[in-house]
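Accompanying notes for the structure given below.
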Amino acid sequence: MPHLLMATGLLLGATTAHAALPDEATLYKNPQCGCCDGYARHLERMGVDVTLVDDRELGEVKQAEGVPYGLGACHTVVMGDYVIEGHVPLAALEALFDQQPDIDGIGLAGMPSGTPGMPGPQREPYEVYQFRDRQESPFMTL
């Protein structure tokens, strides 16, 4: 019986851990980019319904969404009231939607190894930035 209660508690914890994430997201990407598809699958495993858009110019999407110049990645996600730039780990997404800061979004520049959708181990700390009005500042380090 204690194992059943513990298993139930773990299961409930697993389902509520992602409760703050929005139900839907739109991921803008290059049609040939497989790691972007991997990130979409990662979000879907978290319970987010992802719409993939691969027929828009990514530079225009990033410009329209206010991503700071030079800090872009291979895809841009619009999720709830925020923009998520690149392969941002789940811990940063959860912090964003739990805290709901007055910013435009968060991002992780480039395509760092070990992030959701990217193969390999984590090689260095992930420096997740936040941005507002195209100006970036640190959000969190993972």
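Bear in mind that the values in this text are calculations on the coordinates, not laboratory data. On a predicted model such as this, the values are computed, not experimentally measured, just so you know. Neighbour counts are summed over all protein chains in view; Cβ atoms, including those assigned to glycine, are modelled from backbone coordinates with ideal geometry.
For the range 93-105, 3J(HN,Hα) computed residue by residue from phi via the Karplus equation (6.51, -1.76, 1.60; θ = phi - 60°) reads 4, 4, 4, 4, 7, 6, 7, 6, x, 7, 9, 7, x Hz, glycine and proline entered as x. Between ASP37 and GLU124, the FRET efficiency from the beta-carbon distance, with R0 = 25 Å, is close to 0.50.
Per residue of the chain, the DSSP helices (runs of n ≥ 4 H) give a summed -39500 (n - 2.57) that works out to -9500 deg cm²/dmol at 222 nm. When you restrict to C-alpha pairs under 8 Å that are six or more residues apart and normalise by the size of the chain, the relative contact order lands at 21 percent. Phi-derived couplings, Karplus 6.51 cos²θ - 1.76 cosθ + 1.60 at θ = phi - 60°, listed residue by residue for the range 67-83: 5, x, 4, x, 10, x, 9, 7, 8, 10, 10, 9, 9, x, 8, 10, 10 Hz, with x used for Gly and Pro.
Put simply, the amide H of GLY105, placed in the peptide plane, has neighbours under 5 Å in VAL83, PHE131, leaving out anything fewer than 5 places away on its chain. Each other residue within a Cβ distance under 14 Å of PRO31 adds +1 if Lys or Arg and -1 if Asp or Glu, for a net charge of -2.
Within the chain, antiparallel bridges make up roughly 70 percent of the DSSP beta bridges whose residues both belong there.
Taken along the Cα-to-beta-carbon direction at a fixed 7 Å, the label points for GLN99 and ARG132 span 1.2 nm. Under the rule a/c < 1.5 gives rounded, and otherwise a/b versus b/c splits prolate from oblate, where does the range 14-142 land using the Cα gyration tensor? It comes out rounded by the Cα gyration axes.
For the chain, the longest principal axis of the alpha carbon atoms and the long axis of helix 34-45 meet at an angle near 40°.
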